[in-house]
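Colleague: Sharing a structure here in structure tokens format.
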Amino acid sequence: MKPFINYFWDNAILPTLKEYIHIPNKSPHFDSAWQQNGYMKQASDLLVDWCKKYSPPDFIIETIELTNRTPIIFIDIPGDNNETILLYGHFDKQPEMTGWDKDLHPWKAVLKEDRLYGRGSADDGYAIFASLAAILSLKEQKISHARCVILIESCEESGSYDLPYYIQALQHRIGNPNFIICLDSGCGNYQQLWVTTSLRGLTNGTLSIEVLSQGIHSGKGSGIVPGGFQILRQLLSRIEKETTGEILLKDLYVPIPPARLEQARHAAEILGDDIHQSLHLQAKPLTTKAFDLILNHTWRPALAIIGCDGIPAIQDAGNVILPKIEFKLSLRLPPTCHAEKAARLLKTTLESHPPYQAKIHYEISDTASGWNALETSPWLTEAINNASLTYFNHPAAYMGEGGSIPFMGMLGQQFPEAQFLITGLLGPESNAHGPNEFLHIPTAKKLTHCISDVIKDHFKRYIMKGKV
């Protein structure tokens, strides 16, 4: 298996992955004219053509595009029993972001030693290649496996708002998978296989603070007019403790399952200070305790301000009191916290009893509940650990992730009995969504090996249950 996958990555995957990086197929939230611009079609055509080139004729490979919906790549691979495995990824991308190194560029593939730089390399362009390579490796060795369905969507970075329509439209073609693999998550290091056990939810919205009908000279109004930032400070203090970042709204907390606490302790022992040292901090972390940092970013709510309007650039700033300022707030939620209830609570907290009776409005824009995995079956626990030991020479590790993958919640609801393996390549410094995003190639190869082995062991479990 090793020679095939390594050779396939070097000679079949990497050349096309580099081509994919060059395409600025930003997710619809970041490119409202995505249909006219044609980049999404260009990317899907590239990926589908590659899949058809390397797949046998009995594979069904097509791009499906419902009316007024972003496209999805659907691959149906016949299996050797009546069970189905679903593999997931996405091919839409985050926007450019500033701060890339001078010799790097979001839409230019740059290979430096073991790292392939460029937007979408690790998030999540590799997923379709790794998924297909894992299955082709089994075919190459004539190893039996279940039927596999690969779904690669194109609006994940916009919240997967089109995905439910495809899940419904393709329900009869997908079937009833009992095992779901997602290649769009993180890894704590590049030394072992990391399994994501939970994902945080999210609610985003825009906070508007209006104190004047028009801007006025600060010499005329300061000391009389309450400042927008003064009001902002008061409103934020209703939500979080300014010295620690602790969220004060108790209804946003949930009980943390004992198994997740134990996994967090184990992950903290493995990672130690690496948890925050890989983040390029120009300040101290909120705490130096690795265990608390892991819980903070996996099972506790946290607030971030991610955008603002109404504030002129420094070179354009006159002595004027700003009449209206707006802020985009992003509130990460614990995996089992109800996102819509959290959004309503945030809106009520911000809008009630406005300081100085200013005009305060909070517009909810996005909500997505998190996800917590079912207890892992013994066969899958053993398969995951064996794969990690075989290809990484270290046992597998388990940890929640701070981000959101809406697909997981949707599939968890639709297939409540399915086992999940969520993993990925978003490791230290890989910087998805930010500048200098990269794919760590050796880990990508090892992860592909692991996925192939786990698919093989899924079929072995079927045989051991006496169904063949």
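The values are calculated or read from the model by the stated rules, or taken from the named source; none is laboratory data. Because the structure is a prediction, the values reported are computed rather than measured. Counting neighbours? That spans all protein chains shown, and the Cβs are built from the backbone with ideal geometry, glycine included. Accessible surface is based on the protein model in full, side chains and every heavy atom, while ligands, DNA and RNA are left aside. Shrake-Rupley method; radii C 1.70, N 1.55, O 1.52, S 1.80 Å.
Colleague: With a 1.4 Å probe and every protein chain left in place, work out the accessible area per residue of the range 258-326 in Å², rounded to a whole number.
Modeller: Per residue, the range 258-326 has 64 Å² of solvent-accessible surface.
Colleague: How large a share of the accessible area of the range 416-468, in percent, is made up of carbon and sulfur atoms when the probe is 1.4 Å and the other protein chains stay in place?
Modeller: 54 percent
Colleague: Test of understanding: what is the full-extension gain from T348 to N11, defined as 0.36 nm times their sequence separation minus their Cα-Cα distance?
Modeller: This chain segment gains 115.7 nm when fully extended.
Colleague: State the extension gain, in nm to one decimal, for the chain segment bounded by E382 and Q168, taking 0.36 nm per residue of separation less the distance between their alpha-carbons.
Modeller: 73.7 nm
Colleague: State the percentage of accessible surface on the range 173-233 attributable to carbon and sulfur atoms; use a 1.4 Å probe and exclude ligands, DNA and RNA.
Modeller: So the carbon and sulfur contribution to the accessible surface is 50 percent.
Colleague: Another question, then. Could you report the accessible area of K108 in Å², rounded to 10, computed with a 1.4 Å probe on the protein chains as they sit in the structure?
Modeller: 110 Å²
Colleague: Between W107 and L248, how many nm apart are label points set 7 Å from Cα along the C-beta direction?
Modeller: Inter-label distance under the simple model: 4.5 nm.
Colleague: Let me ask something additional. PRE reach from E429 (point 7 Å along Cα→Cβ): which of the range 264-298 fall under 11 Å by backbone N?
Modeller: Label zone hits: 278-280.
Colleague: Moving on. Calculated FRET efficiency, E417 and R233, Cβ-Cβ r, R0 41 Å, to nearest 0.05?
Modeller: Efficiency, rounded to the nearest 0.05: 0.25.
Colleague: Cross-link candidates for K328: which lysines have Cα within less than 16 Å, leaving aside residues fewer than 8 places away along the same chain?
Modeller: K347
Colleague: Let me ask something additional. How large are Rg and Dmax for the chain when only the alpha carbon atoms are used, in Å?
Modeller: 23.6, 85
Colleague: Which percentage, to the nearest 5, of the DSSP beta bridges contained in the chain is antiparallel?
Modeller: Bridges in the chain that DSSP calls antiparallel: roughly 70 percent.
Colleague: Right, another one. Taking a threshold of 30 Å on the Cα-Cα distance, which of the pairs K52/K93; K289/K445; K53/K112 fall above it?
Modeller: K289/K445
Colleague: Once you treat every alpha carbon in the range 162-251 as an equal point and sum by Debye, what is log10 I(q)/I(0) at q = 0.11, 0.22, 0.23 Å⁻¹?
Modeller: -0.72, -1.18, -1.21
Colleague: Below 14 Å, Cα to Cα, which aspartates and glutamates can K324 reach? Residues fewer than 8 away in the same chain don't count.
Modeller: Within the straight-line cut-off, K324 pairs with E210, D309.
Colleague: A further question on this structure: Grab the other residues whose beta carbon is less than 14 angstrom from that of G310, score K and R as +1, D and E as -1, and report the net.
Modeller: So the environment of G310 carries a net charge of -1.
Colleague: Listed here are the pairs K220/K284; K108/K139; K250/K359; which of them are more than 30 Å apart at the Cα?
Modeller: From K220/K284; K108/K139; K250/K359, over 30 Å: K220/K284; K108/K139.
Colleague: Right, here's the next one. Which of the lysines could a cross-linker span from K142 if the Cα-Cα distance has to be under 19 Å and same-chain partners fewer than 8 positions apart are dropped?
Modeller: K2, K456, K460
Colleague: Here's a follow-up. What distance in nm separates the two pseudo spin-label positions at T63 and I306, each 7 Å out from Cα along the beta-carbon direction?
Modeller: 2.7 nm
Colleague: Give the calculated FRET efficiency between S218 and D80 to the nearest 0.05, with a Förster radius of 51 Å applied to their Cβ-Cβ distance.
Modeller: E(calc), rounded to 0.05, equals 0.10.
Colleague: Right, something else. By how many nm would the segment from N37 to A259 grow when fully extended, if each residue of separation counts as 0.36 nm and the alpha-carbon distance is taken off?
Modeller: That works out to 75.2 nm of additional length.
Colleague: Given points 7 Å out from each Cα along the Cα-Cβ axis, report the K465 to K241 separation in nanometres with one decimal.
Modeller: 4.8 nm
Colleague: For the ranges 368-378, 315-325, what's the packing order if you count other beta-carbon atoms within 10 Å of each residue, average per peptide, and put the highest first?
Modeller: Packing order, densest peptide first, comes out as 368-378, 315-325.
Colleague: Shifting gears a bit: What value, in deg cm²/dmol to 500, does the helix sum -39500 (n - 2.57) over DSSP H runs of n ≥ 4 give at 222 nm once divided by the residues of the chain?
Modeller: -10500 deg cm²/dmol
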